[in-house]
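Some notes on the structure that comes next.
The values are calculated or read from the model by the stated rules, or taken from the named source; none is laboratory data. Because the structure is a prediction, the values reported are computed rather than measured. With ideal geometry, Cβ positions are generated from the backbone for all residues, glycine too; neighbour counts draw on all protein chains shown. When the accessible area is computed, the model is the full protein with side chains, heavy atoms only, and any ligands, DNA or RNA have been set aside. Shrake-Rupley method; radii C 1.70, N 1.55, O 1.52, S 1.80 Å.
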Amino acid sequence: MLTRKQLDLLMFIHERLKESGVPPSFEEMKVALDLKSKSGIHRLITALEERGFIRRLPHRARALEILKLPDSIGPRAGSAPRFSPNVI
């Protein structure tokens, strides 16, 4: 089970990867989720990684890979809803 912020971040990363093929920066994630510091993003990323939703790729900047999406969202290859921090 993911928290609302974890799900918001996962969907934001997913949408950004679909659109541009490049994961968002921590600063972009901070702004999108309306957080005050990047340390909050670090905690969310760590939680998503521990739960098996994403993987950080070593030795590469901004290297995140989505491994799966929550069952309630649909399969990874399917069409997930557009990211909106106010939805869910």
XL table 5/30; 5/36; 30/68; Cα-Cα > 20 Å flagged, in table order, is 30/68
With x for Gly and Pro, the residue-by-residue ³J(HN,Hα) of the range 3-8, computed from phi through the Karplus equation 6.51 cos²θ - 1.76 cosθ + 1.60 at θ = phi - 60° and given in whole Hz, is 6, 4, 5, 5, 5, 4
With all protein chains in place and a 1.4 Å probe, residue 71 shows an accessible area in Å² (nearest 10) of 150 Å²
Given unit charges at Cβ for Lys, Arg (+) and Asp, Glu (-), the dipole magnitude of the range 1-73 about its Cα centre in debye, nearest 20, is 220 debye
